[in-house]
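What follows is a set of notes on a single structure, which appears directly below.
The values are calculated or read from the model by the stated rules, or taken from the named source; none is laboratory data. Because the structure is predicted, anything quoted here is derived from the model rather than measured. Methodologically, a virtual Cβ is constructed for each residue, glycine included, from the backbone with ideal geometry; neighbour enumeration extends over all protein chains shown. Protein only, heavy atoms only, side chains kept; ligands, DNA and RNA dropped before computing areas. Shrake-Rupley method; radii C 1.70, N 1.55, O 1.52, S 1.80 Å.
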Amino acid sequence: MPVAASAIYFLNLRGDVLINRLYRDDVGGNMVDAFRMHIMQTKELGTCPVRQIGGCSFFYMRISNVYIVIVVSSNANVACAFKFVVEAVALFKSYFGGAFDEDAIRNNFVLIYELLDEIMDFGYPQNLSPEILKLYITQEGVRSPFSSKQPLDKPVPNATLQVTGAVGWRREGLAYKKNEVFLDIVESVNLLMSSKGSVLRCDVTGKILMKCFLSGMPDLKLGLNDKIGLEKESQLKNRPTKSGKTIELDDVTFHQCVNLTRFNSEKTVSFVPPDGEFELMKYRITEGVNLPFRVLPTIKELGRTRMEVNVKVKSVFGAKMFALGVVIKIPVPKQTAKTSFQVTSGRAKYNASIDCLVWKIRKFPGQTEPTLSAEIELISTIAEKKSWTRPPIQMEFQVPMFTASGLRVRFLKVWEKSGYNTVEWVRYITKAGSYEVRC
């Protein structure tokens, strides 16, 4: 695994070193001079946050009136380095009462040195959770008079378990009168379709959002109709895979609470959830996408001063479903002078600021085909008419209880040693990402 940092420097806007920490001996202590000379003095700070000078790489970020500079000499994980900086600043703010600037660093340099020793070891990031670090670094930071007056977080019981175990995101002793779990599958459809109806580009990006109000330390198990999970389950139970649609998930990323060892062996999502809201996982789908809408445009240019526009929008989802907040933006030439409409559903108007006919349908039932017919009069110009490059038609919508990927929750099990009953709520929604149809 590539390291994230060999050294870290905190500089003010003049380039003076406020505090620094060397984690490895492959960079010298004077590397900050190269950063000051080749980057700060040449006014190139705003061009790129990653620079190479000699045999070293510099990753830097400005927070308030402080530059945080990470130096590495070997192959480094750049994303990890910047993520470390963001999490470290959040940690410092939690100790300093919400402030992080030059004055906060000067007033708390002893505490910062102690934290820097804990959050990184030999160039590899460690635990940066404020709730956990405050269990054994109990020193309070010197707060600015302008910082928030809120008290520090209360200490969490059972520090040893929290620090050494894998449940740093959840504290013990939580209790609710009603134990509930809310799960939302939210998807965005990205589409580029030709004027003849052929799909040029299509994918779905999705995320599973959860909100947990559960007592104790529960263990949750989530089953989806993804192809790998169903095949693994059939192997473990020695029976053929059930018929039905299975989904191939790409680019899956999980919240840190997910047990990756169990996922690799059993292909099930098992986790001890944080309390409250969090994002359980993200994914992407590139094959077998169920398009919620099909747009069939017909645009005819009648001479130099007239156009006819006919657009039919067909909802492909079930008749019992409906879409909300549907907006279809149909581009027209800039020299549009007058428009007249006929729509079978919703309302339409001409928006001159964006050169579009804007067709809005508040509630769009499934398996319907509303149409828009418009006549457009153009301003006649003496200059030679340039050919109109037609921008694509754009759509906005939300379809509750529908997933373009076909992803479904097969089961959501909650186990806790006290054996209490839980109420599970599952919701689906599909939104428009970049949903465009050429005309």
> Hey, of (i) 67; (ii) 44; (iii) 29, which did the structure itself give for percent of Cα pairs over 40 Å apart when calculated?
Replying inline: (ii)
>> For Cα pairs less than 8 Å apart in space and 6+ apart in sequence, what is the mean separation divided by the residue count of the chain, i.e. the relative contact order in percent?
In response: 15
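Working from the alpha-carbon coordinates of the stretch 309-439, get Rg over Rh, Rh being the Kirkwood radius.
Numbers: Rg = 21.2 Å, Rh = 17.7 Å.
Rg divided by Rh gives 1.20.
Jot down the per residue volume, in cubic angstrom and as a whole number, of the convex hull over the alpha-carbon atoms of the stretch 1-84.
Convex hull of Cα atoms, per residue: 90 Å³.
Tell me, what is the per residue accessible area of the stretch 64-112 in Å², probe radius 1.4 Å? Each step should come with its number before you reach the end.
Working: 1780 Å² over 49 residues.
Using a 1.4 Å probe on heavy atoms only, each residue of the stretch 64-112 averages 36 Å².
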> Which length gain, in nm to one decimal place, applies between GLN52 and ASP16 when the Cα-Cα distance is subtracted from 0.36 nm times their residue separation?
Replying inline: 10.9 nm
> To the nearest 10 square angstrom, what accessible area does LYS300 show with a 1.4 Å probe?
Replying inline: 110
>> For the stretch 327-435, what does the relative contact order come out to in percent, with C-alpha contacts under 8 Å and a separation of six or more?
In response: 30
> For the chain, what does -39500 (n - 2.57) per DSSP helix run (n ≥ 4), summed and divided by total residues, give at 222 nm, in deg cm²/dmol to the nearest 500?
Replying inline: -4500 deg cm²/dmol
>> Between the stretch 382-439 and the stretch 295-359, what is the separation of their alpha carbon centroids in Å?
In response: 22
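Listed here are the pairs LYS320/LYS413; LYS196/LYS312; LYS314/LYS334; LYS134/LYS177; LYS177/LYS211; LYS282/LYS314; which of them are more than 20 Å apart at the Cα?
Working: LYS320/LYS413 29 Å; LYS196/LYS312 13 Å; LYS314/LYS334 28 Å; LYS134/LYS177 29 Å; LYS177/LYS211 16 Å; LYS282/LYS314 29 Å.
Flagged as over cut-off: LYS320/LYS413; LYS314/LYS334; LYS134/LYS177; LYS282/LYS314.
Between LYS338 and ASP250, how high is the FRET efficiency from 1/(1 + (r/R0)^6) when r is the Cβ-Cβ distance and R₀ = 56 Å? Nearest 0.05.
Numbers: r = 48 Å, r/R0 = 0.86.
The pair LYS338/ASP250 has a calculated efficiency of 0.70.
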>> About the Cα centre, and with charges only on the beta carbon of Lys, Arg (+1) and Asp, Glu (-1), how big is the dipole of the stretch 3-48? Nearest 20 debye, please.
In response: 140
>> Using DSSP to call loops (not H, G, I, E or B), can you name the trypsin sites (Lys or Arg not before Pro) in the stretch 320-349 whose Cβ has at most 10 other Cβ atoms within 10 angstrom?
In response: LYS320, LYS334
>> List the GluC sites (Glu not before Pro) within the stretch 257-318 that DSSP assigns to loop and that have no more than 13 neighbouring Cβ atoms inside 10 Å.
In response: GLU287
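What GluC sites (Glu not before Pro) in the stretch 40-112 are in a loop by DSSP, with at most 12 other Cβ atoms within 10 Å of the Cβ? All intermediate terms of the calculation are to be shown ahead of the outcome.
Details: sites: GLU44, GLU87, GLU102; in loops: GLU44.
Qualifying residues, ordered by number: GLU44.
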> Share of the stretch 1-71's accessible area from carbon and sulfur, percent, 1.4 Å?
Replying inline: 50
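Report the net charge of residues surrounding LEU222, where surrounding means a beta-carbon distance below 9 angstrom and charges are Lys +1, Arg +1, Asp -1, Glu -1.
Values: positive: LYS221, ARG410, LYS413; negative: none.
Net charge in that neighbourhood comes out at +3.
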